[in-house]
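Below: one structure, written as structure tokens.
We did not get these values from a lab; they are worked out from the coordinates using the rules stated. Given the structure is predicted, the values throughout are model-derived calculations rather than measurements. Because the Cβ atoms are built from the backbone with ideal geometry, glycine has one as well, and the counts that use them run over all protein chains shown.
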Amino acid sequence: MLRALPLLSSSLALALAGCASSGTYRNGVFEGSHVVYRVEAPAGGWRLVSFSGNDLAWGGPDGVVIAVNAECEDHGDPSLAVLTNHLLIGFENRVIRERESLQISGRGALRTRVAATLDGVPVEMELTVLKKDGCVYDLVYLAPPHRFEEHLSTYRRVVASFDAPGRR
């Protein structure tokens, strides 16, 4: 299974990509063509990686991934639950373990923890979705089930650092 994790991580990042904008990331600020937001990079062995269609993605130890995306066009106005479920398309055997509302960047957000399989490989995810100023933001953490708890606090620090001051 360990050999499959990089491929799984790449597949997940591509599955979660959508039509995110391209941009630059410097000093904790992502600047895209339609959006600017702040988010701290995870500390301790994580590296910024590039996946087509993702604003930001970091690969961490043990095949874990944290990704951040914004979509500011052509998403309509679906609920946070519908947006979260959209991120899960392609995953099989989904079990929602936990779902909670919270506040991020002055807006309501939805955090969802999910166990699933992707091409038969078990994964655990935590997805955090919010809408602000006509944009949808999703922050995603993916890990093998036996590593999920180990890096969850790192992901939650990334989420806690997130701030979207508005569209460009």
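So here's what we get for this one:
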quantity	calculated
Sorted largest first, extent of the stretch 48-168 alpha carbons per principal axis (Å)	38, 28, 27
Cα gyration tensor category, rounded, prolate or oblate, for the stretch 25-88 with a/c compared to 1.5	oblate
The stretch 82-151, relative contact order [Cα under 8 Å, separation at least 6], %	24
Computed lengthening from Ser101 to Glu40, 0.36 nm per intervening residue step minus Cα-Cα distance	19.8 nm
Cβ-based net charge around Ala43, under 15 Å, with every Lys or Arg adding one and every Asp or Glu removing one	+1
Amide proton proximity set for Arg107, modelled H, under 5 Å, gap of 5+	none
FRET efficiency for Asp119 and Arg94, using Cβ-Cβ distance with R0 set to 22 Å, rounded to 0.05	0.95
For the stretch 4-167: relative contact order, % (alpha-carbon pairs under 8 angstrom, 6 or more apart)	23
